[in-house]
1. For residues in the stretch 7-20 being near the ligand (Cβ under 10 Å from one of its atoms) and in contact (Cβ under 8 Å) with a residue 24 or more places away in the chain, which is farthest from the chain's Cα centre (by Cα)?
2. So, in the stretch 55-86, how many residues would count as being touching a strand residue (DSSP E or B) at 6+ places or on another chain (Cβ under 8 Å) and among the basic types (Lys, Arg)?
3. Taking the condition away from the ligand (no atom under 16 Å from the Cβ), over 27 Å from Met1 (Cβ atoms) and not small (Gly, Ala, Ser), does Arg39 pass?
4. Picking from Asp17, Asp26, which residue would you name as being assigned to a loop (DSSP other than H, G, I, E, B) and either under 17 Å from Pro68 (Cα atoms) or modelled with pLDDT of 95 or more (or both)?
5. Name the helices (runs of 4 or more DSSP H) wholly within the stretch 60-151 that hold at least 3 residues that are within 13 Å of the ligand (Cβ to nearest atom), under 15 Å from the mean Cα position of the chain (by Cα) and of a type in the set (A, V, I, L, M)?
6. Which one is farthest from the ligand (Cβ to nearest atom), of the residues in the stretch 45-58 that are farther than 23 Å from Asp91 by Cβ and touching a residue at least 40 places away in the same chain (Cβ under 8 Å)?
7. Name the single residue that is surrounded by the most Cβ atoms within 10 Å (Cβ to Cβ) among those in the stretch 26-46 being of a type in the set (Lys, Arg) and under 15 Å from Met98 (Cβ atoms).
8. Quick one: how many residues across the stretch 78-109 are β-branched (Val, Ile, Thr) and either crowded, with 24+ Cβ neighbours inside 10 Å or in contact with a Leu (Cβ under 8 Å, 6 or more places away or on another chain) (or both)?
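The values are calculated or read from the model by the stated rules, or taken from the named source; none is laboratory data. Computed from a predicted model, the values in this text were never measured in an experiment. Using ideal geometry, Cβ is built from the backbone for each residue, glycine included, and neighbour counts are taken over all protein chains shown.
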Amino acid sequence: MFIDIVRSRKSCRLFTDVPLEQGEMDLIMEAGLKAPSSRQLKDVRLFPVRDIGLIRRLALCKPSSTTPLETATFAVIVAADPEVCDVWIEDASIATIMMQLEAEDLGIGSCWVQVRLRSNGDEPAEDIVKREAGLDGNLKMLSIVAFGRKP
Ligand SMILES: Cc1cc2nc3c(=O)[nH]c(=O)nc-3n(C[C@H](O)[C@H](O)[C@H](O)COP(=O)(O)O)c2cc1C
C-alpha cells in the first residue's frame with residue numbers, strides 16, 4: 001500500500017558503493033518528470049548525475065548539510081525556469097518528493113539537499129551548482145536529491 005511507502009521513508013545520508021541499476025534511475029526520473037505542475041507549463045528541469053566525481057564536487061556547494069552527496073551514487077539536480085512559471089518552487093518541490101517516494105518504493109535511500117537560499121561564503125550555492133554542472137545561467141536551483149543503496 002502507498003501508505004507503507006510514506007511510513008517507511010526516512011532521509012538517508014549514508015549509502016553503500018553499490019550503484020543503482022539503469023532501470024531504477026529511469027523510474028526515479030520518470031516519477032519526477034510525471035509530477036504535476038502549475039498549468040502544466042513544464043518549468044521544472046531535472047538533471048540526472050551519474051558521474052561520482054561531479055556528485056562529490058556538488059557536495060561542496062555549501063559548507064554543511066551536504067553529507068548525503070558524499071556517498072550518493074546517483075543524484076538529481078532539481079532546477080526550474082522562473083520565466084516559464086512563477087510558482088516554480090512549488091513545482092520543483094513536488095518533483096523532488098515524487099522522486100524520493102519512487103526511490104523508497106524501490107528500496108533505495110534518498111535525501112533532499114537544499115540549494116536555494118544557501119551559499120558557500122559569498123557565493124550562492126546555486127551558482128556553484130550551475131558552474132560545476134554546466135547548467136544554463138537563467139535556471140533557478142531548488143535542490144539536489146542524493147540517492148543510493150541503504151547500508
Ligand atoms: C526543504 C527541505 C530541505 C532539506 N535540506 C536538507 C539538506 O540540505 N541536507 C540534509 O541532509 N537534509 C535536508 N533535508 C532533509 C530533512 O532534514 C528531513 O526531511 C527532515 O529532518 C525529516 O526527516 P525525514 O526525512 O527522515 O522524515 C531537507 C528537507 C526538506 C523538505
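1. Step one: filter the stretch 7-20 for residues near the ligand (Cβ under 10 Å from one of its atoms), giving 9-13.
Next cut, in contact (Cβ under 8 Å) with a residue 24 or more places away in the chain only: 9, 11-13.
Numbers: Arg9: 16, Ser11: 13, Cys12: 13, Arg13: 13 Å.
Looking at residues that are near the ligand (Cβ under 10 Å from one of its atoms) and in contact (Cβ under 8 Å) with a residue 24 or more places away in the chain, I get Arg9.
2. Of the residues in that region, 1 qualify.
3. Details: away from the ligand (no atom under 16 Å from the Cβ): yes; over 27 Å from Met1 (Cβ atoms): yes; not small (Gly, Ala, Ser): yes.
Yes, satisfied.
4. Numbers: Asp26 fails: assigned to a loop (DSSP other than H, G, I, E, B).
Just a single option satisfies the conditions, and that option is Asp17.
5. Numbers: elements: 68-71, 88-105, 125-133.
Because the criterion is at least 3 residues that are within 13 Å of the ligand (Cβ to nearest atom), under 15 Å from the mean Cα position of the chain (by Cα) and of a type in the set (A, V, I, L, M), the helices (runs of 4 or more DSSP H) in the stretch 60-151 that meet it are 88-105.
6. Filtering the stretch 45-58 down to residues farther than 23 Å from Asp91 by Cβ leaves 50-57.
Next, only the ones that are touching a residue at least 40 places away in the same chain (Cβ under 8 Å) stay: 54-55, 57.
Working: Leu54: 18, Ile55: 14, Arg57: 16 Å.
Filtering the stretch 45-58 for residues that are farther than 23 Å from Asp91 by Cβ and touching a residue at least 40 places away in the same chain (Cβ under 8 Å), the one farthest from the ligand (Cβ to nearest atom) comes out as Leu54.
7. Residues of the stretch 26-46 that are of a type in the set (Lys, Arg), as a first pass: 34, 39, 42, 45.
Retained after the next criterion (residues that are under 15 Å from Met98 (Cβ atoms)): 34, 42, 45.
Numbers: Lys34: 11, Lys42: 13, Arg45: 20.
Top of the filtered list is Arg45.
8. Restricting attention to the stretch 78-109, the residues satisfying the condition of being β-branched (Val, Ile, Thr) are 78, 84, 87, 89, 94, 96-97, 108.
With the extra rule that they be either crowded, with 24+ Cβ neighbours inside 10 Å or in contact with a Leu (Cβ under 8 Å, 6 or more places away or on another chain) (or both), the set shrinks to 78, 84, 89, 96, 108.
Summing the residues that are β-branched (Val, Ile, Thr) and either crowded, with 24+ Cβ neighbours inside 10 Å or in contact with a Leu (Cβ under 8 Å, 6 or more places away or on another chain) (or both) in the stretch 78-109 gives 5.
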